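Novice: Can you keep this structure in mind? I'll have questions shortly.
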Amino acid sequence: MQTSTPVTQSSRSILCVVGARPNFMKMAPIMAALAELGPKLAVSLVHTGQHYDVAMNHQYFEALGIPQPDINLEVGSGSHATQTAEVMRRFEPALDEKQPSAVLVVGDVNSTLACALVATKKGIPVIHVEAGLRSFDRAMPEEINRILTDQISDLLFTTERSGRENLLREGIDDSRIRFVGNVMIDTLRRNLERAVPTSKILQDAGRKAFLAGHDGYAVLTMHRPSNVDNPDTLRILLDTIRKITSRLTVIFPMHPRTRAMIEKFGLGEMLNVPELVQLPPMGYLEMLGLMKDARVVLTDSGGIQEETTALGVPCITLRNNTERPITVDEGTNTIAGQDPVKILAAFEEIMQSGGKAGRVPEFWDGQASTRIAAAIHSWLDNGLRS
Ligand code: UD1
């Protein structure tokens, strides 16, 4: 995809893509940094509509000041094949209409791969933010999305140094890779002061009295198919959480996939314990507030492993691996998988010692999006040559 003619200033345009909840907090600072380049670069936004509920979608645009999408593909839910194919089918005319100099995708959701694939097949260069992360677990749909998106990207931005090693091993040319840090942490730093206090969240949910006299709380998030789509695994995890509630209040904002699975498998009764607070999916500022003051966060999310490391809050990851090893090597993260013994041991350790101290990784300094905007600018100047 590399050319050597500089892209003329008047025709420079980037088409950014978002689709699902974890994309929004990554795209917000990137679009702001690109906008700061001024009229030299036209920036537009496509929303594939992979996530569509108010709680999973609109709240984030509002809270993070993301511009309204120029185009919404309204794809919605479906099997992996249906969802990916539908994004591709609907993205092609959007690309024909916009004719951008490059398409910028973030993260590892189905929309990321689908739009990257359409763009590259039409000869339009692809920029991937959050490239090179690998869990080495191909049963994870996101791992397939990561590997394939990176293979067809022209400019790859990494969040941690392990990303470059992974990309080089897969044959990606070093000249295409830029280590810039973590845009998600840009968003976190910018919004920390606006985080909604836990007391307000509980009050709004009618559970105000809940924390009175309690010794802090844990936050739980869980939505990965590997944790929630199998009834036995889900039952074991919920049972482990029940055990944790005998020591610490657990606040559980529930992803729609998880809620649907708990209903489907008839496990709702397991959540009927006084020390477990069920909440609907939270907005960004609410989630930040919950995490910031938690004694521990239990999660299977990738982004939350990073956010807790940046916040210095202990995190127990309910997966057998992580594509973000720096959160374990340098941060506050402990991998516990789905094994109750490991989860409860990690939890006890945190209750007794406060957990790993951790430090904030290199370039997680709030400036990643500025580095990305500068790199894109010079890449366009160089005729898309890395
Ligand atoms: C997707 C991403 C995952 C990310 C997660 C964050 C892929 C392969 N997975 O998983 O990496 O961590 O988003 O949330 O792209 N649903 C709603 N309302 C919505 C969206 C979804 O009710 O606004 C329900 C539907 O029942 C849907 C299910 O959630 O079938 C799953 O949605 P989907 O977008 O397929 O995947 P996620 O599990 O959200």
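Novice: I'd like to check which helices (runs of 4 or more DSSP H) are fully inside the range 158-225 and have at least 2 residues that are touching a residue at least 60 places away in the same chain (Cβ under 8 Å) and not assigned by TED's automatic domain parsing to the domain that holds LEU133. Working first, answer last.
Specialist: On the way: elements: 162-169, 183-191, 198-204.
Of the helices (runs of 4 or more DSSP H) lying wholly inside the range 158-225, those with at least 2 residues that are touching a residue at least 60 places away in the same chain (Cβ under 8 Å) and not assigned by TED's automatic domain parsing to the domain that holds LEU133 span 183-191, 198-204.
Novice: Please specify each residue of the range 338-383 satisfying the condition of being surrounded by 16 or more Cβ atoms within 10 Å (Cβ to Cβ) and at positive phi.
Specialist: Correct list: GLY355, GLY358, PHE363, GLY366.
Novice: Now a separate question. Of the conditions (1) within 25 Å of SER369 (Cβ to Cβ); (2) in contact (Cβ under 8 Å) with a residue 24 or more places away in the chain; (3) not in a strand (DSSP E or B), LEU15 satisfies every one except a single condition; which number is it?
Specialist: Here LEU15 clears every test but (3).
Novice: Assess whether VAL87 counts as being in a loop (DSSP other than H, G, I, E, B), within 11 Å of the ligand (Cβ to nearest atom) and not assigned by TED's automatic domain parsing to the domain that holds GLU286.
Specialist: Numbers: in a loop (DSSP other than H, G, I, E, B): no; within 11 Å of the ligand (Cβ to nearest atom): yes; not assigned by TED's automatic domain parsing to the domain that holds GLU286: yes.
Spelling it out, it is not the case that VAL87 is in a loop (DSSP other than H, G, I, E, B), within 11 Å of the ligand (Cβ to nearest atom) and not assigned by TED's automatic domain parsing to the domain that holds GLU286.
Novice: Got a sec? Which of GLN2, GLN9, GLN50 is modelled with pLDDT of 90 or more and polar (S, T, N, Q)?
Specialist: GLN50
Novice: For residues in the range 231-254 being within 16 Å of the ligand (Cβ to nearest atom) and free of Cβ contacts under 8 Å to residues at least 40 places away in the same chain, which is nearest to ARG319 (Cα to Cα)?
Specialist: Filtering the range 231-254 for residues that are within 16 Å of the ligand (Cβ to nearest atom) and free of Cβ contacts under 8 Å to residues at least 40 places away in the same chain, the one nearest to ARG319 (Cα to Cα) comes out as LEU234.
Novice: Let me ask something else about it. Of the residues THR299, THR317, THR308, which is surrounded by 23 or more Cβ atoms within 10 Å (Cβ to Cβ), within 16 Å of the ligand (Cβ to nearest atom) and more than 18 Å from THR187 (Cβ to Cβ)? Please lay out each step first, then the result.
Specialist: On the way: THR299 fails: more than 18 Å from THR187 (Cβ to Cβ); THR308 fails: more than 18 Å from THR187 (Cβ to Cβ).
Only one candidate passes the filter, namely THR317.
Novice: Next question. Across the range 90-113, what is the total count of residues that are more than 9 Å from the ligand (Cβ to nearest atom) and either open to solvent by 20 Å² or more (accessible area, probe 1.4 Å) or not small (Gly, Ala, Ser) (or both)? Reasoning before the result, please.
Specialist: Residues of the range 90-113 more than 9 Å from the ligand (Cβ to nearest atom): 90-106.
Subsequent filtering for residues that are either open to solvent by 20 Å² or more (accessible area, probe 1.4 Å) or not small (Gly, Ala, Ser) (or both) retains 90-93, 95-100, 103-106.
Selection size over the range 90-113: 14.
Novice: Oh, and also: I'd like to check something: does the range 40-55 contain any residue that is more than 23 Å from VAL118 (Cβ to Cβ) and of a type in the set (Lys, Arg)? Outline the logic, then answer.
Specialist: Step one: list which residues in the range 40-55 are more than 23 Å from VAL118 (Cβ to Cβ), which gives 40, 53-55.
Now drop any that are not of a type in the set (Lys, Arg), which leaves 40.
Within the range 40-55, one or more residues are more than 23 Å from VAL118 (Cβ to Cβ) and of a type in the set (Lys, Arg).
Novice: Yes or no: PHE136 under 22 Å from ALA374 (Cβ atoms) and either modelled with pLDDT of 95 or more or away from the ligand (no atom under 16 Å from the Cβ) (or both)?
Specialist: no
Novice: Give me a count of the residues in the range 25-57 that are more than 10 Å from the ligand (Cβ to nearest atom) and more than 15 Å from LEU73 (Cβ to Cβ).
Specialist: So the answer is 19.
The values are calculated or read from the model by the stated rules, or taken from the named source; none is laboratory data. Predicted, not measured: the structure shown is a model, and the values here were computed from it. Methodologically, a virtual Cβ is constructed for each residue, glycine included, from the backbone with ideal geometry; neighbour enumeration extends over all protein chains shown. Heads up: the accessible areas ignore ligands, DNA and RNA and are worked out on the full protein's heavy atoms, side chains in. Shrake-Rupley method; radii C 1.70, N 1.55, O 1.52, S 1.80 Å.
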